[in-house]
Amino acid sequence: MNWRTYGQRLLVALLAGSFLSLTPTACSPAAQEPVELKVICAGSLMAPFTEVEKAYEAQNPRVDVLTEGHGSVQVIRYVTELESGADVIAVADHSLIPAMMYNVHMPDSSRGYADWYIQFATNTLGLAYTSDSRYADEITVDNWYEILSRPDVRLGVPDPRFDACGYRALMACWLAGLLYDDADLFHAVLGDFEYPISPQVQDRQCTILVPEIIRPQKVSVRGSSVVLLGILESGDIDYAFEYKSVAQQRGLQFLEFPPEINLGSDDFRSLGYDLRVKIDYQRFASLIPDFVCQEILYGVTIPANSPHPEEALDYLKFLLGPEGRRIFAEHHHPFVPFVVDRPEHLPDDLGYLLGSGQ
């Protein structure tokens with residue numbers, strides 16, 4: 001072999017070695033796989049949660065947050081009955097979590113789908129409407145129920161079988177009858193149903209029974225409060241029971257009910273009745289069909305069968321931290337001091353919340 005040939009082969013070998021040194025080898029650490037983090041929330045949380053998703057992903061490019069919204073009862077059913085693989089859930093009624101998850105066991109396990117949750121936000125109930133709604137220039141906090149009772153007014157109500165805003169709307173109507181001293185108010189506002197929704201009163205207790213099938217003759221019923229927004233904005237209905245934050249996010253006009261009936265506090269107790277809505281059948285395996293009237297408090301947890309518990313914890317810390325708080329404030333959705341249910345089960349990474357007063 002002459003020196004020219006040897007030099008050419010040496011150059012080729014050196015170039016090949018340089019190329020291989022730039023190529024990942026079997027010994028180099030593998031790139032981290034992207035994570036799809038599934039977050040299912042109450043429909044009234046979709047606007048702030050969508051912004052939380054964007055902000056969190058900007059800081060955590062490996063995580064793809066997938067946020068979807070439903071009525072709060074449906075949110076939990078997606079975990080306990082439909083096995084959706086949710087990593088974080090948040091509902092508009094915190095009491096649904098212990099009622100529908102604590103004692104509902106995962107397959108082949110004695111453990112429930114959740115064993116802790118955090119109360120983190122609140123809201124108030126009222127009527128959303130537009131400037132084109134019938135009698136929009138007349139309606140006030142003193143006459144709203146008279147306006148809604150008029151035969152030409154079209155009212156939207158979330159389905160109380162699936163949505164916390166729906167059964168709270170029924171509660172607000174019945175409490176309004178006490179507040180305004182009008183025994184016919186509940187029926188006048190909601191009208192007839194083919195299978196009646198009927199308040200049952202005994203002593204100082206009222207149970208509003210909701211049948212398995214809801215066929216209203218006057219109001220429009222939809223699966224969740226957020227679904228009503230589209231038909232309200234299109235003019236197909238004039239008014240809809242909604243949360244204040246949702247109406248403000250959409251730029252709608254909003255009539256906030258008085259404190260005794262808006263469920264933003266426990267002022268309803270001054271009316272002197274224990275009130276609940278009972279679904280008069282057992283439609284779903286995990287549903288405890290009995291919703292007690294209490295102030296609006298949202299709850300969030302990580303299901304015990306979360307596919308990505310570490311990422312879920314990190315996301316939840318972000319949601320409850322300064323950035324999440326800022327996003328919620330921008331969306332007119334107030335936080336409350338955190339309250340942890342079953343703190344002995346709270347993950348260690350969230351232990352700082354205990355007694356934090358945040």
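Just so it is clear, none of the values below were taken in a lab; they were calculated from the coordinates. All of these numbers come straight from a predicted model, not from anything done at the bench. Note that we place each Cβ from the backbone using ideal geometry, even for glycine, and neighbour counts take in every protein chain shown.
Summarising the amide proton neighbourhood of Asp159: residues at separation of 5 or more, or on other chains, whose placed amide H is nearer than 5 Å comprise Arg222, Gly223, Ser224.
Counting charges near Ser131 (Lys, Arg +1; Asp, Glu -1) among other residues having Cβ under 15 Å from its Cβ returns a value of -3. For the chain, leaving out every one of the trypsin sites (Lys or Arg not before Pro) that falls in a DSSP loop and has at most 13 other Cβ atoms within 10 Å, the longest unbroken run is 112-203. Available extension along the chain between Val336 and Glu295 is 13.6 nm, counting 0.36 nm per residue and deducting the alpha carbon span.
Using a 10 Å cut-off around each Cβ, can you sort Met171, Met106 from fewest to most neighbouring Cβ atoms?
So the residues, fewest neighbours to most, are Met106, Met171.
Based on the convex hull around the alpha carbon atoms, the chain presents an average projected area of 26.2 nm².
Measuring between their Cα centroids, segment 69-110 and segment 147-221 lie 27 Å from each other.
Taking every alpha-carbon pair under 8 Å whose residues sit at least 6 apart, segment 211-349 reaches a relative contact order of 17 percent. Need the list of lysines near Lys278 for cross-linking: C-alpha distance under 29 angstrom, and skip anything on the same chain fewer than eight residues off. By straight Cα distance, Lys278 reaches Lys218, Lys244. Report, ordered by chain and residue number, the lysines lying within cross-link reach of Lys317, taken as a straight Cα distance under 19 Å and ignoring same-chain residues fewer than 8 apart. Counting by Cα, and skipping residues close in sequence, Lys317 has these lysines nearby: Lys38, Lys54. Projected onto the charge dipole of segment 125-292 (+1 at Lys/Arg Cβ, -1 at Asp/Glu Cβ, origin at the Cα centre), which of Ile231, Tyr281, Gly166 gives the Cα projection farthest towards the positive end? My answer, from the dipole projection, is Tyr281. Dimensions of segment 125-292 along the principal axes, based on C-alpha atoms and rounded to the nearest Å, stand at 40, 34, 29, largest first. Rounded, prolate or oblate: which fits segment 141-194, taking a ≥ b ≥ c as square roots of the Cα gyration tensor eigenvalues, rounded meaning a/c under 1.5, else prolate when a/b beats b/c? Because a/c hits 1.5 or more and a/b fails to exceed b/c, segment 141-194 counts as oblate.
Residues Leu178, Leu316, arranged from fewest to most other Cβ atoms within 10 angstrom of their Cβ, appear as Leu178, Leu316. A cut-off under 13 angstrom between Cβ atoms defines the neighbours of Leu354, and their net charge, with Lys, Arg +1 and Asp, Glu -1, is -3. Once C-alpha pairs closer than 8 Å and six or more residues apart are averaged by separation and normalised to the residue number of the chain, the relative contact order reads 25 percent.
Directionally averaged projected area (segment 226-358, Cα convex hull): 11.7 nm². Looking at the chain, send over the antiparallel percent of its DSSP beta bridges, to the nearest 5. Just about 55 percent of them are antiparallel. Can you give the longest run of the chain that contains no GluC sites (Glu not before Pro) sitting in a DSSP loop with at most 14 other Cβ atoms inside 10 Å? Maximal segment without exposed cleavage sites: 213-358.
Here is the tail figure for segment 312-358: Cα pairs spaced more than 11 Å apart come to 70 percent of all pairs. A straight line joining the Cα centroids of segment 227-277 and segment 303-339 runs 24 Å.
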